[in-house]
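Single-structure report; data block below.
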Amino acid sequence: MNIRSIASVKPVPAASKRLTAQEAVQAAAALVPRLAERAAEAERLRRIPQATIDELHEAGLMRLMQPARFGGSELGLDTLMNVVTEIAKGCTSTAWVYSNLASHSWNIGQFEMRAQEDVWGTDPDALAATGLAFPCGRAIPVEGGFKLSGKWPFASGIDASTWMLVGAMTELPGRAPERRFFLVPQSQFRSLDNWDTYGLTGTGSHDVEVKEAFVPDHRSVSAEVFAAGQNLPGATLYENPLYAMPTFAAFAYVLSIVPIATAKAVVEQFTAAMRARASTYTGARVAELSSVQARIAEAAACVEFAETVVRRDWQELESQANERRYPSMETKLRWKRNVAFASQLAVRAVDVLMPAAGAGGLTKSAALQRQFRDLHAASAHIGLTWDVHAVAYGQSALGLQPNAGFLL
């Protein structure tokens, strides 16, 4: 079964320093020019270039939400958004992978200590990708743990990861199947290298397969515990309320950061480009066209409304976590409604600007066409899909049982 004993494992001293929120944002901003230079390479490779992964590690950014016990900075969602907002100025695929991998260290910090020592005891830089589609996996209880098999789609950043956090339906004698999460080491999973898409092409979001892997009890947590935020094993280990935060409620924020940040970058970059651009056919300054002025105003308003509401909501979530209060179903549905609508506003912002860019915005060397594709791809994630979360909110508002998928 290739499972080593970890009872005596102690955390290895971290090579990278703990970052303050300000230092994290500054480190991300310093990477932007190189990320922009590598954006086309990421698409060609269908994954984030190793040079970028190395630089994110060297800057300490991969450990943004990792527990300090293992060398992490233990910073929260607000800092994550600020860091991703910088990274998205250079490459949306990198922003998507980074947001996922950095936040997964927070999720691992919510497991019990033996699981965390398995992951970081000998490699404090270890990263984990995820496969959260529960029906894709099957787990059978056995002595000391579970026997796990399945094939999960969309494991963003799997090429940089040595662990997987997957969801599966657990078959329990005499009981309905239970949703659980499992931590699986690289020796027990296989990337299928099948991610080939029009948007977020550089994220390396390949399918991952596990066959008959033994997962010990301490590396499994009930999904209902993650959903509620109550009784999380990691919450008893750390004073930082980050590790007591309801995981599912926060998940959509980790995703929504990327389209909002991308749209914000597009508005800033487009506006700067239009200040000096002249029309190819008339020679008139494009900045003097009222249609362009109006489009910039609309796009900027979309981004500002989206970012303001999303920041307000997750600050409410963080405040509740600090006080060990847990959101009601109605509150979680409202938060998810707002995240999905904010993602739609981000899409609208870029869609509004795209026609004003002209043919120049369509060239393969232009960042705008890649940002357009990446943003549409990001907003298609089920955690950000308006149709799903609008219906769930409407059902609840009308006194019906909401059906919003698995992340509630």
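Readers should treat all values here as calculations from the given coordinates under stated rules, not as data from a laboratory. All values derive from a computational prediction rather than experimental measurement. In this analysis, Cβ positions are derived from the backbone assuming ideal geometry, glycine residues included, and neighbour counts consider all displayed protein chains.
Hey, if you put +1 on the Cβ of every Lys and Arg and -1 on every Asp and Glu Cβ in the chain, which of G174, A59, A359 ends up farthest toward the positive end of that dipole?
Looking along the dipole axis, the top candidate is A359.
Over the chain, how many pairs of lysines fall under 23 Å by alpha carbon, counting only those 8 or more apart in sequence or from different chains? Please list the in-between numbers first.
Values: K89/K264; K89/K364; K147/K211; K151/K211; K264/K336; K264/K364.
Here the count comes out as 6.
Peptides 153-160, 354-361, 253-260: what's the order by average Cβ count within 10 Å, highest mean first?
Working: 153-160: 23.8, 354-361: 15.4, 253-260: 28.1.
Highest mean packing first, the order is 253-260, 153-160, 354-361.
Just want the answer: with Cβ charges of +1 for Lys and Arg and -1 for Asp and Glu, which residue in W120, A102, L75 is farthest toward the dipole's positive end in the range 21-120?
A102
Distances over 27 Å make up what percent of all Cα-Cα pairs in the chain? Kindly include the intermediate steps, with their values, before the conclusion.
Values: 41855 of 83028 pairs.
Of all Cα-Cα pairs in the chain, 50 percent lie more than 27 Å apart.
Take the Cα of R175, step 7 Å along the line toward its Cβ, and report every residue of the range 224-240 whose backbone nitrogen sits under 14 Å from that point.
Within reach of a label on R175, which here means backbone N under 14 Å from a point 7 Å along Cα→Cβ, the range 224-240 contributes 224-225.
Got a sec? Charge dipole of the range 202-297, +1 on Cβ for Lys and Arg, -1 for Asp and Glu; which of S222, M274, L237 is way out at the positive end?
Value: M274.
So for each of 296-305, 177-186, 65-74 I average, over its residues, the number of other beta carbons within 10 Å; can you give me the resulting order with the highest mean first? Can you show the working numbers first?
Numbers: 296-305: 18.3, 177-186: 20.1, 65-74: 22.5.
Going by the mean number of other Cβ atoms within 10 Å, highest first, we get 65-74, 177-186, 296-305.
Rounded to the nearest 500, what is the chain's calculated 222 nm mean residue ellipticity when only DSSP H runs of at least 4 contribute -39500 (n - 2.57) each, over all residues? Before the final figure, lay out each step's value.
Numbers: 11 runs with 189 residues, N = 408.
That calculation yields -15500 deg cm²/dmol at 222 nm.
Let me spell out the model: positive unit charges on the Cβ of Lys and Arg, negative unit charges on the Cβ of Asp and Glu, origin at the Cα centre of the chain. What dipole size does that give, in debye rounded to 20? Write down the numbers at each step before the final one.
Values: 39 positive and 40 negative charges, 84 e Å.
In debye, rounded to 20, the chain gives about 400.
Apply 1/(1 + (r/R0)^6) to the Cβ-Cβ distance of V142 and K211, taking R0 = 22 Å, and write down the FRET efficiency to the nearest 0.05. Let's see the in-between values first.
On the way: r = 15 Å, r/R0 = 0.68.
My answer for the efficiency is 0.90.
Take peptides 17-27, 378-388, 87-97 and line them up by average Cβ neighbours within 10 Å, highest first, as a rough protection proxy. Let's see the in-between values first.
Details: 17-27: 16.4, 378-388: 18.7, 87-97: 29.4.
Highest to lowest by the protection proxy: 87-97, 378-388, 17-27.
Run the quick spin-label model on V391 and E239: label points 7 Å from Cα toward the beta carbon, then report their separation in nm to one decimal.
The modelled label-to-label distance comes out at 4.7 nm.
Hey, with R₀ at 41 Å, roughly what FRET efficiency would S187 and F305 work out to, going by the Cβ-Cβ distance, to 0.05? The partial results should precede the final answer.
Working: r = 47 Å, r/R0 = 1.14.
Step by step, r from the Cβ atoms, then E = 0.30.
Between the range 19-86 and the range 312-343, what is the C-alpha centre distance in whole Å?
25 Å
How big is the dipole moment of the range 128-221 about its Cα centre under a simple scheme where the beta carbon of each Lys and Arg is +1, that of each Asp and Glu is -1, and everything else is neutral? Debye, nearest 20, please. Working shown, then result.
Values: 9 positive and 10 negative charges, 53 e Å.
Approximately 260 debye in magnitude.
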